[in-house]
1. Show the residues, 5+ positions off or on another chain, whose built amide H is closer than 5 Å to the amide H of S369.
2. Lys and Arg at +1, Asp and Glu at -1: add these up for the other residues within a Cβ distance under 14 Å of W148 and post the number.
3. Lys and Arg at +1, Asp and Glu at -1: add these up for the other residues within a Cβ distance under 15 Å of V476 and post the number.
4. Please compute the net charge surrounding S434, taking Lys and Arg as +1 and Asp and Glu as -1 over other residues with Cβ under 13 Å from its Cβ.
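Readers should treat all values here as calculations from the given coordinates under stated rules, not as data from a laboratory. Keep in mind that what you see is a predicted model, and the values were worked out from it rather than measured. Reconstructed Cβ throughout: ideal geometry from the backbone, glycine too, with neighbour counts over all protein chains shown.
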Amino acid sequence: MLVSALLTSVGINFGLCVLFWTLYSSLRKQPANYHVYAPRLLSDGQSQGSSTFRLERLLPTPDWVRRAWQSSEEELLSSSGLDAVVFMRIITFSLRVITLAVVIGVFILLPVNFSGDQLHDVNFANLTSSSLDIFTVSNVKDGSNRLWAHFCAVYLLTIFVCFLLYHNDTKKLYKRLIHLQREPTASKSQPGSFFGLFEAKDDLVDHYEKKLEDLEENVRLVQSDVSMAGEEVRAAFVSFKSRYGAAAALHIQQADNPTQMVAEQAPEPHDVYWPLFPESFMRRWISQLIVIVACILLTALFLIPVVVVQGLTNLSQLEIWLPFLKSILNVAFVSQVVTGYLPSLILQLFLMMIPPIMKFLSSVQGHISISEIIKSACNKVLWFTIWNIYFANVLSGSVFSQIFIFLEPKNVPARLAVAVPAQASFFIAYVVTSGWTSTTSELFRLIPLICSLIRKCFSGNTNNELKDPAFPYHGVLPRVLFFGLLGITYFFLAPLILPFLLVYFCLAYTIYSNQFINVYAPLYETAGKFWPIVHNSMIFSLLLMHAIAVGIFTLKKLPLASSLVFPLPVITLIFNAYCRKRFLPIFVAYSAETLIKKDREDINDATTAEFFNKLVAAYQDPALLPMQYSSDSNRERTSLLSPV
């Protein structure tokens, strides 16, 4: 891709970003749009000001940006839960990594690449007609000592990422989880609580009663459906009088045949996914196999738009495919739009369909909670994006040729070293399209705005039309992590991409912080379990960077640097193994120390005894007995609901 085509793509997307930003800054102040741009505040009973007409409401103002940047982590925790805190920490983590990468890549490596003469002499008089390859490591002469700057950069970024994963993020999050687990009281009751650990004791009775009412209502709904079908549900909630007892029962095999009775940690009542709750182990296992096959087929089918996109980036190939468009493609601006902006736009439009599809596939896998479905969808979307957007575009072949490449590990570094720098221009255009424009359009909320206008035309009333939406982690988190992968793998190859990524993460921090304040309400709480996905993604990104570095230094005839890179993946894997032993268990389950401590606190707590008295009284209701009791031979799965 030429520099002129990239500038065209950046200009179009920058214009769209300014348009969305301006429209939001104006429309959000209109009283008729409060339920679109601030449904969270309306549901919390916060007034948005007078509804009388004022001219200043028509003028866009950036005051919301300051509030978004100044919002504290404690405020976010109290309003949106721990998952929102973890997500914003992912943004800040990526900002720190990309900031260091910008300092090293733009101010050191980019001048080294640009001043090289491996490809051809740079024509400064007509720089826009030059290829972007002159800004990559490919322009550095083979065997040049300048390549040691790239070698040092790889070591520095690896050390910095591992340091952040251990000390500014994972360790901090670990300590926060421990603190929240052990904290007996809090100053304020929180929606979407972390297993009830945020509520003050004064609010415990109300919280438990509400939780019990929700559970009873859900049980009655399912029981009524089962009664109509004339079947008995082969699943049950089991309550324990101690957290430690529930944890012990959860990790003990319940029957000689481990598939006959499966125990799982019960989700919060509002987090239960009822459709597959009573399904047997065998049905869930078969569903998982079907989902795996469906994901493989979807991955193969998605290569069709990838091939089309790759054809659009090559103007000469496009003229061969569509010779009747040759005269139009000869127009400079048209060719720049087709090769610079259109490919990333088409790919983004196809990729928008993937998160809903993956969420549906995850929902039929047998998960009994919405949060587990979203976590599963996050993983699927992330690795689908890495394979189809990164490797498919880089390797530019069929799915079978890509698989064969990875079946010969010794050839992987060399192949990646050639292919990855060549796609730098495409990924820069993809960042500004999928990153800048897509994230800024999150502010504008086009679909809810259109729905609101349509309903207003037909009903004349928009009050309470929209429920507080839940944050789409399965659509947003994989994109953030994918851009982190692009930054890590490209920072020493083509550092020109780094400023575009830095702008994206700044936009993401501002916009998503604002949306958590005004729009999204916590539907469930995973207790920070998205972070292990982040950790695994960062480790994979580092290992991929090391593989590419080995290939680059080998191709550039610097064998000593290539050999000295080999300790890096070994050290990274050892570091990952340590982190999995040190930090991963806290994201999986409570420690016995924490459970016993909280059980002892409950002994003298009258509110706990009152809750269990209400629980016993509730389950004496004959309408609930069919859900309470089932024979051992039919009880396929037992979900454990421990007191919180």
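1. The answer is Y273.
2. +3
3. Net charge in that neighbourhood comes out at +4.
4. 0
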